[in-house]
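Have a look at the structure below, then the notes.
The values are calculated or read from the model by the stated rules, or taken from the named source; none is laboratory data. Quantities reported herein were computed from a predicted structural model and do not represent experimental measurements. Neighbour counts are summed over all protein chains in view; Cβ atoms, including those assigned to glycine, are modelled from backbone coordinates with ideal geometry.
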Amino acid sequence: MSLLALDGVRKSFGGVTAVADLSFSVREGAVAGLMGPNGAGKTTVINLISGLLHPDTGTIRIAATDIAHAPPHEIAATGLARTYQNVRLIAGMTALEQVLAGRYLRRDTSLLASILHLPAARTAMRAARDHARALLARVGMDHRADTLAETLSYGEQRRVEIARALAAEPRLLLLDEPTAGMNAAESAEIGRLVHALRDGGLTVLMVEHNMKLVADFCDHVVVMNFGRKIAEGTAAECIGDPAVQEAYFGRRHAQH
Amino acid sequence: MDLFLAQLLNGCALGALYGLFGIGFGLVFATMGILNAAQGAYASWAAIIAMYAIELAGLPFPLAALAGIAAGGAVAVLVDQLGFEPLRRFGPGNHQAAMLGALITSIAFWIMLDSAAGLMTGQQSLAFPPGSYPATVFQIGPLLLPAMQAVSLLALAVVGGGMHWLNTRTRFGAAMRAVGWDPVAAALGGVNSRVIVVATAGLAGGISGLAGILAGISTANISAGLGQGLMLKGFAAVVVGGYDDIRGTAIAGLLLGVLEVFCAQYLSSSWRDAFAYALLLGFLMLRPRGLFGGGGFTRA
Amino acid sequence: MSDLLEDLWAAYASTLGFAMVNAFFALATYATLSAGILSFAAVTYGAAGGFLGAQLLLNTTLPLPLIFLASALAGLVMAMIVAALFLRLESHWMALSSLALVLITRVVVLNTPGLTGGVNGLSLPAPLSMIWLVALLALAVFGFWLLDRSWYGIAAKSVREDPSVAACLGIDPRRIQLIAMAVSGLAGGLGGVLMAMMLQFVSPDTFFIHVAFTMIAGVVLGGSHHWFGPVLGAAVFTALPTVMQAVVPDLQDIANGAALLLIMIFLPRGLLDPRAIRLRRAAK
């Protein structure tokens with residue numbers, strides 16, 4: 001059964017069509033890759049799914065609910081979390097606080113109870129902190145928990161951002177170029193993390209340029225160019241597809 | 001009927017000052033994203049300098065007015081370079097924080113400039129010496145049009161038209177908008193953003209200064225408080241007209257002037273400001289892009 | 001020695017009192033700013049609280065705590081009206097609208113003499129005791145401390161720094177900002193009645209544009225990233241004119257402005273900046 005399903009999604013800005021009649025679905029428990037050359041519309045798709053943008057036409061379903069026109073915070077509440085192409089951490093917060101912010105949906109207490117510091121709310125806050133610390137440990141960042149996040153290295157910030165996305169215990173995780181700006185060792189580590197997450201039952205859709213990572217970890221790949229889907233299948237099928245070859249390497253190369 | 005027409009004319013002449021001031025105020029807001037609390041002080045300073053140019057230097061009115069406009073522009077450039085430029089360079093990258101910082105430094109200048117203006121005028125309300133400015137009254141049919149009212153209307157038409165032309169037809173206008181959008185990108189694209197910023201600030205100061213001089217004559221009140229009254233109504237004109245829309249600001253200014261005069265004449269003089277501000281609030285809520293909202297650009 | 005202290009107290013007690021009253025307005029402004037809204041509407045909440053409180057003081061025998069409560073609630077009601085009207089506006093428009101609201105407040109106050117005394121204002125008999133002021137400010141600061149350490153505090157910080165990231169974390173920005181405005185209304189309304197009692201007088205000029213600018217300057221001066229910033233900023237901004245008057249009597253306003261300008265340029269994040277403190281701590 002598919003957890004995420006896009007059907008006939010179209011989005012244009014002014015006269016420019018960024019996404020045209022895009023349909024694909026991601027099976028529950030799968031790791032799906034979204035590929036395509038720069039400007040293919042991948043990040044627009046991520047923004048459409050997370051609700052920062054709304055499609056002009058078409059439906060986007062998470063489980064059975066159409067969330068095409070829902071605001072981002074409601075979509076997040078259905079079990080979606082994401083990261084950003086250029087890491088977007090919250091200025092002035094420590095690594096731990098970032099992850100704690102990600103735990104907002106699972107705070108297990110009302111805002112009022114929390115403001116009044118009722119005993120139950122205090123217990124819940126302590127539990128949330130412990131959980132956040134554990135997540136930082138999972139991405140190997142627990143030793144920097146109390147460091148101001150903006151002073152961390154780029155790779156470290158990415159890992160904090162992934163921990164923040166996981167804090168809400170999502171059903172579906174969108175990763176927008178999780179290994180951009182990382183070296184080979186760091187990328188491999190992200191790959192292992194994604195794999196472990198899938199083994200834990202999480203569904204992942206990731207935009208990724210690193211072919212090796214896609215080939216190793218994605219069960220299912222969708223390739224886009226100029227806002228359209230040009231290929232779909234396993235990583236091997238997609239990389240061998242003439243349309244994909246043409247999109248990535250130009251027409252001449254594809255004929256060889 | 002004659003009274004109606006006469007009041008209509010009075011309203012337009014008053015509104016021309018609001019429109020004029022608003023064009024200067026809106027220019028800074030639309031291009032640089034600065035809500036400039038010191039803008040009113042430019043008007044006070046221009047009027048004070050123009051008056052002293054007549055009284056002490058004995059300059060003829062047109063030259064004195066030019067001196068006042070230049071003073072308004074110079075003060076505006078000073079405020080921009082001392083108060084806003086450091087924030088552009090070292091300030092926070094966050095847009096809202098930058099806007100807040102500029103608002104605070106403009107408040108600082110507002111306090112300083114108003115206080116210095118108070119010292120200049122000896123904390124009194126002064127006036128242009130009688131006979132120092134054109135006082136002819138033209139007769140058009142049943143209507144009497146004092147020369148200074150004509151000058152105000154003409155000034156709005158010339159400045160409004162000129163700014164519209166500058167904005168839409170010249171490279172300078174395009175450069176102003178580019179700098180307003182994104183100074184870094186504009187600098188990369190070859191626009192010398194500092195020159196453009198200084199020129200924009202000077203222009204805005206000069207326009208507000210002109211409004212101050214004309215208001216100083218029509219109200220016979222030149223004091224540190226002159227600018228504040230203009231600023232409140234000019235601000236309303238900018239919002240009602242749309243802050244990036246010169247034509248809209250000019251028309252909204254006229255509208256506010258007419259509304260004010262008619263409310264005072266036919267309804268209640270104590271509520272006249274209420275109508276102006278209620279209009280302002282209504283527009284903010286229902287048509288935040290202003291009278292002709294649509295074109296132009298928004299800051300998201 | 002004790003005479004000297006008594007003289008000092010006599011000279012500066014009212015400055016201290018006004019610093020504390022201004023702290024309420026600064027906190028009211030900080031409340032919205034800390035959730036990403038630049039709003040001057042605390043002046044309007046202050047007017048609501050101030051005039052209601054003054055009327056209750058003049059015409060009823062209600063005990064003081066009830067009057068304080070009623071004034072704070074008047075600010076809250078006003079804030080909810082403002083929220084219903086303005087909260088959907090984009091940030092620039094919100095700032096402009098709230099400024100327009102301050103202008104309108106004055107016109108309304110001037111033209112409802114039955115409620116506000118109109119041009120003449122209302123005179124209040126008894127002065128406010130310093131103990132009340134200290135107690136209420138302590139209460140307010142405690143409230144802000146609680147807010148800061150709660151889930152609301154985490155959510156508000158997120159909304160302020162990056163509303164779309166916050167929304168993707170499941171935080172409803174509008175809900176957080178609505179709470180922020182409610183807090184602002186309570187603090188502003190209470191500040192209004194305290195201002196009225198401190199001055200023993202309220203008039204249309206008590207709550208006008210200069211208050212809006214003073215309080216926003218106080219917040220930014222003190223630091224807008226921590227609840228103590230506004231309290232500190234209000235104190236500095238209240239004391240500054242008194243000090244300047246003693247040092248450079250003729251040029252006090254110019255000196256005030258220059259001080260504000262210099263602080264803004266050299267300490268753009270305010271006197272108290274938790275981020276800088278954390279960075280310094282990290283560097284050690």
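Odds and ends about this structure:
- Unique match (being surrounded by fewer than 22 Cβ atoms within 10 Å (Cβ to Cβ), farther than 15 Å from A:A32 by Cβ and modelled with pLDDT under 85) among A:A243, A:A254, A:A184: A:A254
- Within segment C:125-139, the set of residues being crowded, with 17+ Cβ neighbours inside 10 Å and either at pLDDT below 90 or within 14 Å of chain A (Cβ to nearest Cβ) (or both) comprises C:L128 only.
- Check on C:L89, outside any helix (DSSP H, G or I), free of Cβ contacts under 8 Å to residues at least 40 places away in the same chain, within 13 Å of chain B (Cβ to nearest Cβ) and not polar (S, T, N, Q): yes
- If the condition is being of a type in the set (F, W, Y) and closer than 24 Å to C:M181 by Cα, then segment C:93-151 contributes C:W93, C:F142, C:F144, C:W145, C:W151.
- A:T123, sole failed condition from (1) at the interface with another protein chain (Cβ under 8 Å from one of its Cβ atoms); (2) assigned to a helix (DSSP H, G or I); (3) not basic (K, R): (1)
- C:A100 fulfils the conditions (1) at pLDDT below 85; (2) surrounded by fewer than 19 Cβ atoms within 10 Å (Cβ to Cβ) except for a single criterion, (2).
- Of the candidates A:G58, A:G51, A:G41, the single residue that is at the interface with chain C (Cβ under 10 Å from one of its Cβ atoms) and at positive phi is A:G51.
- Scope segment B:226-269; condition farther than 22 Å from C:T105 by Cβ, small (G, A, S) and outside any loop (DSSP other than H, G, I, E, B); matching residues: B:G241, B:G248, B:A250, B:G253, B:G257
- Where C:V211 falls short, out of the listed (1) within 17 Å of the chain's Cα centre (by Cα); (2) more than 14 Å from chain B (Cβ to nearest Cβ); (3) closer than 28 Å to B:A274 by Cα: (2)
- Qualifying residue in segment C:235-244 (condition: aliphatic (A, V, I, L, M), buried (at least 21 other Cβ atoms within 10 Å of the Cβ) and more than 12 Å from chain B (Cβ to nearest Cβ)): yes
- The helices (runs of 4 or more DSSP H) found entirely in segment B:23-136 that carry 2 or more residues being under 16 Å from the mean Cα position of the chain (by Cα), among the aromatic types (F, W, Y) and crowded, with 24+ Cβ neighbours inside 10 Å are B:39-55.
Here is a yes/no grid of residues against (1) basic (K, R); (2) within 19 Å of the chain's Cα centre (by Cα); (3) assigned to a helix (DSSP H, G or I):
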site	(1), (2), (3)
A:L205	no, yes, no
A:V222	no, yes, no
A:A231	no, no, no
A:V244	no, no, yes
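- Evaluation of C:D205 against (1) over 23 Å from C:L136 (Cα atoms); (2) more than 14 Å from chain A (Cβ to nearest Cβ); (3) assigned to a helix (DSSP H, G or I) (one fails), failing number: (3)
- Close pairs (6 angstrom Cβ cut-off, 6 or more residues apart or separate chains): more than 7 Å from chain A (Cβ to nearest Cβ) in segment C:158-175, among the polar types (S, T, N, Q) and not in a loop (DSSP other than H, G, I, E, B) anywhere: C:A166/C:S158
- Filter result (touching a helix residue (DSSP H, G or I) at 6+ places or on another chain (Cβ under 8 Å) and of a type in the set (D, E, K, R)) within segment A:213-246: A:D216, A:E232, A:E246
- Lone qualifier among C:N59, C:N120, C:N111 - being away from chain B (no Cβ under 14 Å) and over 18 Å from the mean Cα position of the chain (by Cα): C:N59
- Residue within segment C:154-163 that is more than 22 Å from C:A26 (Cβ to Cβ) and in contact with a Gly (Cβ under 8 Å, 6 or more places away or on another chain) present: yes
- Filtering segment C:231-256 to residues that are under 19 Å from C:F18 (Cα atoms) and in contact with a Ser or Thr (Cβ under 7 Å, 6 or more places away or on another chain) leaves C:F237, C:T238, C:A239, C:T242, C:D253.
- Scan segment C:92-117 for residues that are of a type outside the set (G, A, S) and not in a helix (DSSP H, G or I) and the total you get is 1.
- Among residues of segment C:30-42 that are touching a residue at least 24 places away in the same chain (Cβ under 8 Å), those with a Cβ under 7 angstrom from a residue that is hydrophobic (A, V, I, L, M, F, W, C) and assigned to a loop (DSSP other than H, G, I, E, B), sequence gap 6+ or separate chain, pair up as C:Y30/C:W227.
- Residue match in segment C:205-225 (condition: at pLDDT below 90 and out of contact with any helix residue (DSSP H, G or I) (no Cβ under 7 Å at 6 or more places or on another chain)): yes
- Selected residue (criterion: nearest to A:A163 (Cα to Cα)) from residues of segment A:87-120 that are more than 8 Å from chain C (Cβ to nearest Cβ) and free of Cβ contacts under 8 Å to residues at least 24 places away in the same chain: A:D108
- Condition broken by A:D146, with the remaining ones in (1) within 12 Å of chain C (Cβ to nearest Cβ); (2) surrounded by fewer than 16 Cβ atoms within 10 Å (Cβ to Cβ); (3) under 23 Å from C:G170 (Cα atoms) satisfied: (3)
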